Amino acid sequence: MPSPHTEHLYPVILAGGVGSRLWPRSRRRTPKQFLDLAGTGRTMLQEAYDRMTPLVPPDRIYVVTGREYVPTVTAQLPALPTANIIGEPVARGSAAAIGLAAIHLQARDPDAVMAVLTADHLIAEAETLRRILVGAAELAQQGKLITLGIKPTFPETGYGYIEMGEELGCFNGMPARRVRSFREKPDRQTAEAFLRNGNYAWNSGMFIWRVDTILAALATHMPALHAALQALAPALHTAAEADAFRRHWFPLDGTVTIDYGVMERATDVAVFPADLGWNDIGSWAALLEVLPKDDHGNVVQARHFHLDSRNVLVFSRDRLIATIGLQDMVIVDTGDVILVMPVGRAQEVKQLLDALKAAGLEGYLE
């Protein structure tokens, strides 16, 4: 996809988090981004990387992850330069992860345009995503903070929403609009109203901006983080790096998302609304909804023999799973754990994990 607007474009894939709602497959040692959840033969991180290689060469793709996962990223993406894998010593939220990537890119290319992407989303329309990134790289030259919005197809209450304003024009054939406001996860009635209005998009958690633009925004809205980043920048890739992280990174308070820390407070924000075949795969119910089904509506990644079972997700590495008369259920067998639950209670997995911790069974979370 040759374009002058991709000359300084750097995709940055965020690959942190533990994906706890996809336990027992997703665990601390192997979070969901490092798993082949879709059954394609490629992990979610590898698929995120694959979506970018038609757009830019591998040496312009970066991955931000926890330091403990750097060897996993290296193994899964052997063509990615090791210098492009940024390992956080401790997680401080998406704002800090993005800021850390920004100072790496600024040192390499002061004119860099950063495309912040995620390693744990399914995106069916990869070519559309690449077209948007090219257009967004053009719009980013105007100094805007840009987010990608997903056209909603149902009144989802688990996503944040973006209220869209006037049109800003088309860039690489893709329309952009001004952002009026970011809205928190709504209740069902509000989500239905957003859907009827037609002026709202789901917040995808993907962003595009010039590196100097986001660093200026961090200076304005998150000055403590910006000061830490400025102190870290001269020490990157030197013998002083570990000490700089100890002095400036570890003392940062809590974990702050880029949405809360910057986007909800900024004024010059744009959105590209798009239909990307997108799903954030936040639960087993989401996987059952989006993955290919058999003639009975079942998603099967196992040896599964059944009588009259419908809309069931079944995963097992080794065992034969036999079911009779099941409907709207999830069965996940990882060898040491078997999870069985109704689809409608998939969001309660995190509560189950809290109960396991309280019972002294935390070893099953590793």
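What value does segment 254-297 have for Rg/Rh, both radii from Cα atoms and Rh as Kirkwood defines it?
Reported Rg/Rh, Kirkwood definition of Rh: 1.19.
Ordered by residue, what ³J(HN,Hα) values in Hz, to whole numbers, does segment 276-292 give under the Karplus form 6.51 cos²θ - 1.76 cosθ + 1.60, where θ = phi - 60° and Gly and Pro are x?
Calculated HN-Hα couplings, in order: 10, x, 9, 8, 8, 6, x, 6, 5, 5, 5, 5, 4, 6, 9, 7, x Hz.
Could you go through segment 74-80 in sequence order and give the Karplus-derived ³J(HN,Hα) for each residue, using 6.51 cos²θ - 1.76 cosθ + 1.60 with θ = phi - 60°, rounded to whole Hz, and x for Gly and Pro?
4, 5, 7, 10, x, 7, 7
What Kirkwood hydrodynamic radius do you get for segment 139-238 when you take the inverse of the mean 1/r over all pairs of distinct Cα atoms, in Å?
Kirkwood hydrodynamic radius for segment 139-238: 15.6 Å.
Expressed as cubic angstrom per residue, what is the convex hull volume of the alpha carbon set of segment 284-365? List each step's numbers first, then the result.
On the way: hull volume 7.4 nm³, N = 82.
Roughly 90 Å³ of hull volume per residue.
Taking the Cα centre of the chain as origin, work out the dipole magnitude from +1 charges on Lys and Arg Cβ and -1 charges on Asp and Glu Cβ, in debye rounded to 20. Write down the numbers at each step before the final one.
On the way: 35 positive and 41 negative charges, 62 e Å.
Dipole of the chain, to the nearest 20 debye: 300 debye.
Just to be sure I follow the rule: in the chain, considering lysines 8 or more places apart or on different chains, how many pairs have Cα atoms under 21 Å apart?
Close lysine pairs found across the chain: 5.
With N denoting the number of residues in segment 1-160, provide Rg(C-alpha) divided by 2.2 N^0.38 Å, to two decimal places.
Compared with the compact-globule rule of thumb, segment 1-160 sits at 1.03.
Fewest to most neighbouring Cβ within 10 Å: what's the order for L105, L320?
Going from least to most buried by this count: L320, L105.
Per q in 0.12 Å⁻¹, report the Debye log10 I(q)/I(0) for segment 199-354, using one uniform scatterer on each alpha carbon and no solvent.
Treating every Cα as an identical point scatterer, log10 I(q)/I(0) equals -0.79.
Tell me what the chain gives for mean residue ellipticity at 222 nm when only DSSP H runs of n ≥ 4 count, each as -39,500 (n - 2.57), the sum divided by the residue total, rounded to 500 deg cm²/dmol.
Rounded to the nearest 500, it is -8000 deg cm²/dmol.
Could you tell me the center-to-center distance, by alpha carbons, between segment 27-68 and segment 85-131 in angstrom?
12 Å
Q141 versus A240, label points 7 Å from Cα toward the beta carbon: distance in nm?
Going by the 7 Å Cα→Cβ label model, 3.6 nm.
Could you please state, rounded to a whole Å, how far the C-alpha centre of segment 177-225 is from the C-alpha centre of segment 301-365?
35 Å
For segment 112-121, what does the Karplus curve 6.51 cos²θ - 1.76 cosθ + 1.60, with θ = phi - 60°, yield as ³J(HN,Hα) per residue in whole Hz, taken in order and with x for Gly and Pro?
Calculated HN-Hα couplings, in order: 4, 10, 9, 9, 8, 10, 10, 8, 10, 10 Hz.
In the chain, which helices (entire DSSP H runs) extend 18 Å or more along their own long axis, judged by Cα positions, while averaging at least 0.5 on the Kyte-Doolittle scale?
94-108, 126-140
Under 5 Å between amide hydrogens, which residues at least 5 positions from V179 or on another chain qualify, with H placed 1.01 Å from N in the peptide plane?
G165, V269, A270, V271
The numbers here are math on the coordinates, done by the rules we state, and not lab data. Keep in mind that this is a model prediction, so the values were computed, not measured. Quick reminder, even Gly has a Cβ in these numbers, built from the backbone with ideal geometry, and neighbours come from all protein chains shown.
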